[in-house]
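Shown next, in structure tokens, is the structure this report addresses.
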Amino acid sequence: MNSDQPTSTGAGIDVDVRGQADDWREYLDRSAGATLYHEPRWGRLMAVVYGNHPHCLTARRSGKVVGLLQLVEQKSVLFGHRLCSVPYFDAAGILADDDDARRVLIAEANSLRDRLKAAHVELRQRGPLGESIPMRTDKVTMWLELPSQADELWKGFKAQVRNQVRKAEKAGMTIHQGGAEFVREFHAVYVRNMRDLGSPPHSRRFFSRVIETFSDAARLFVVRRGRQAVAASLTLREALVHHVPWAGSDWRFRRDCPNMLLYWSMLQEACRSGARRFDFGRSTRESGTLNFKKQWGAVEVPLYWHYLLPEGENLPELRPDSPKYRFMVAAWKKLPLWLARALGPRIIGKLS
């Protein structure tokens, strides 16, 4: 369904839709809003691991790239047919030089939805695209501006935070970090944590591909109690920002606060590397995870998730606490780990 032939518009802008985008590098390097999540390598990774199809929309004016948008197509009997920019991440939507380029990309995305007969397009943005496009604002990401020294950050924490980090250390927990050698331990903790939350997990293959594809940016952190991994995370590093899209802990050990040692270690590493911001990732407003992130000093940054819908359709009901999914979440929490590990990738691959 991809087209190598550009679509011309009245704004003097051509848009082409392809499965790959080999000429985005220069634009991403100069775009102030670009992040690691806009990389077209994510679409290719999701195609290899989950069979989802990437669509790279490129807007050009007089041959020069003036905007881009990567959409990943997900299709299943259970969860329907959608396009998302980009699944699993907070905001990797439209980048554009001006309003004309932005409008053209929105129009082309909607046209692609119609051609593919998808239910909707989900555009995940850091800023609003316009009130005329339906949107959700119940999600926020959490940012912490970092000082140049970790000691300075430590002194700014409340006593309760510092005491919980020390409690983990006094319990004999140790922190380890590296690359692919920690995937097995990370994934074991992650699967248990996701099962306990009622959510399907990614496959170990998915994370191995992330580390392989983004070897210069990805880093794994593991907290051990003795030889057992009890908390773990995967971070993605940019020049001045560290992101943590995946993290979790074994709730059986929560009294000893392994999650606190995990996050303090990530923050220390971010300061040491010269990062100026730590992105804790998204949370639902007024949720427990949001409050956990707030205790580190992180502040809310609103997210704007817009939806391109067929005429007359309402916003999709995608919240896990909605009546549609509440039973599934409750049932998932009761699964044995081996079954959650086996079934999870088949489900999460079609969710966003």
Complete set of residues in the stretch 99-128 that are assigned to a loop (DSSP other than H, G, I, E, B) and more than 21 Å from Leu36 (Cα to Cα): Lys117, Ala118, Ala119
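A quick yes/no check of all residues on (1) in contact with a Ser or Thr (Cβ under 9 Å, 6 or more places away or on another chain); (2) basic (Lys, Arg):
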{"site": "Gly43", "(1), (2)": "no, no"}
{"site": "Pro54", "(1), (2)": "no, no"}
{"site": "Arg61", "(1), (2)": "no, yes"}
{"site": "Leu71", "(1), (2)": "yes, no"}
{"site": "Arg103", "(1), (2)": "yes, yes"}
{"site": "Ala109", "(1), (2)": "yes, no"}
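Counting residues that are surrounded by fewer than 15 Cβ atoms within 10 Å (Cβ to Cβ), which helices (runs of 4 or more DSSP H) fully inside the stretch 151-220 reach at least 2?
Details: elements: 159-170, 183-197, 204-213.
Where helices (runs of 4 or more DSSP H) fall fully within the stretch 151-220 and carry at least 2 residues being surrounded by fewer than 15 Cβ atoms within 10 Å (Cβ to Cβ), they are 159-170, 204-213.
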Test: Leu290 is in contact with an Asp or Glu (Cβ under 8 Å, 6 or more places away or on another chain), assigned to a helix (DSSP H, G or I) and either of a type in the set (Ser, Thr, Tyr) or buried (at least 17 other Cβ atoms within 10 Å of the Cβ) (or both): yes
Any chance Gly281 is surrounded by 13 or more Cβ atoms within 10 Å (Cβ to Cβ) and in contact (Cβ under 8 Å) with a residue 60 or more places away in the chain: yes
Pairs with Cβ under 7 Å, 6+ apart, first in the stretch 17-44 and in the same structural domain as Leu68 (by TED's automatic domain parsing), second of a type in the set (Gly, Ala, Ser) and assigned to a loop (DSSP other than H, G, I, E, B): Leu28/Ala34; Thr35/Ala92; Leu36/Ala217; Tyr37/Ala92; His38/Ala92; Pro40/Ala21
Extreme residue, modelled with the lowest pLDDT, among residues of the stretch 71-86 that are in a loop (DSSP other than H, G, I, E, B) and surrounded by fewer than 24 Cβ atoms within 10 Å (Cβ to Cβ): Leu78
Residue match in the stretch 31-42 (condition: buried (at least 22 other Cβ atoms within 10 Å of the Cβ), more than 30 Å from Ala342 (Cα to Cα) and over 16 Å from the mean Cα position of the chain (by Cα)): no
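I'm trying to understand the selection: among the residues of the stretch 149-176, which are within 22 Å of Arg219 (Cβ to Cβ), touching an Asp or Glu at 6+ places or on another chain (Cβ under 7 Å) and of a type outside the set (Gly, Ala, Ser)?
Met173
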Residues satisfying the stated conditions in the stretch 224-266, i.e. under 18 Å from the mean Cα position of the chain (by Cα) and of a type in the set (Lys, Arg): Arg237
Unmet requirement for Glu300, which otherwise passes all of (1) over 25 Å from Arg219 (Cα atoms); (2) in a strand (DSSP E or B): (1)
Residues within the stretch 209-249 that are under 20 Å from Leu144 (Cβ atoms) and of a type in the set (Phe, Trp, Tyr), tallied: 2
Which numbered condition Gln268 misses (of (1) touching a residue at least 60 places away in the same chain (Cβ under 8 Å); (2) crowded, with 18+ Cβ neighbours inside 10 Å; (3) not in a loop (DSSP other than H, G, I, E, B)): (2)
Residues of the stretch 141-185 that turn out to be of a type in the set (Ser, Thr, Tyr) and touching a Pro at 6+ places or on another chain (Cβ under 8 Å), as a count: 0
Cross-chain or 6+ apart pairs with Cβ under 6 Å, the stretch 221-250 first and closer than 16 Å to Ser273 by Cβ, then among the hydroxyl-bearing types (Ser, Thr, Tyr) and part of a strand (DSSP E or B): Phe221/Ser233; His242/Thr235; Val244/Ser233; Val244/Thr235
Residues (part of a loop (DSSP other than H, G, I, E, B), at pLDDT 90 or above and not hydrophobic (A, V, I, L, M, F, W, C)) located in the stretch 1-44: Ser31, Gly33, Thr35, Glu39, Pro40
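The values are calculated or read from the model by the stated rules, or taken from the named source; none is laboratory data. Because the structure is predicted, anything quoted here is derived from the model rather than measured. Cβ atoms come from the backbone with ideal geometry, glycine included; neighbour counts cover every protein chain shown.
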